[in-house]
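I have placed the structure first, in the form of structure tokens, so that the comments after it can refer back to it.
The values are calculated or read from the model by the stated rules, or taken from the named source; none is laboratory data. These numbers come from a predicted model, not from an experiment. Every residue, glycine as well, gets a Cβ built from its backbone with ideal geometry; the counts of neighbours run over all protein chains shown.
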């Protein structure tokens with residue numbers, strides 16, 4: 001009768017599974033970051049968003065007015081419509097999803 005040693009194939013299978021998990025979690029792309037300067041035209045505390053009119057953002061988009069979710073909801077208590085802000089746009093999933101980080105008021109609006 002021939003003896004089969006399954007320890008080696010089982011160990012190899014476990015190694016492959018662990019290697020795939022490490023690669024899958026370690027290879028996720030970090031968000032790309034872009035500097036933004038613009039004016040707040042609206043804010044929605046319930047949806048945690050700011051609508052910003054901004055100039056060109058090289059490598060990402062042309063000048064436009066766009067609604068952005070904010071990463072830190074406490075920013076919404078500090079920012080008012082009409083304020084000029086700087087922020088960092090975090091773009092993920094090949095720049096299809098955006099959010100604002102490091103939002104700072106640089107000039108208070110008149111509203």
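Computed quantities for the displayed model
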| item | result |
| --- | --- |
| Pick from the range 48-58, criterion over 16 Å from the mean Cα position of the chain (by Cα) and assigned to a loop (DSSP other than H, G, I, E, B), ranking: modelled with the lowest pLDDT | 58 |
| Members of the range 68-92 found to be in a strand (DSSP E or B) and over 18 Å from residue 106 (Cβ atoms), listed by number | 69, 90, 91, 92 |
| Criterion (in contact (Cβ under 8 Å) with a residue 60 or more places away in the chain and either surrounded by 15 or more Cβ atoms within 10 Å (Cβ to Cβ) or out of contact with any strand residue (DSSP E or B) (no Cβ under 9 Å at 6 or more places or on another chain) (or both)) met by exactly one of 87, 46, 91 | 91 |
| Candidate set from the range 54-67 (those that are surrounded by 14 or more Cβ atoms within 10 Å (Cβ to Cβ) and in contact (Cβ under 8 Å) with a residue 12 or more places away in the chain); member that is nearest to residue 107 (Cα to Cα) | 54 |
| Unique residue being at pLDDT below 95 and out of contact with any helix residue (DSSP H, G or I) (no Cβ under 9 Å at 6 or more places or on another chain) when the list is 111, 80 | 111 |
| Unique residue being modelled with pLDDT of 95 or more, surrounded by 10 or more Cβ atoms within 10 Å (Cβ to Cβ) and in contact with a helix residue (DSSP H, G or I) (Cβ under 8 Å, 6 or more places away or on another chain) when the list is 70, 40 | 70 |
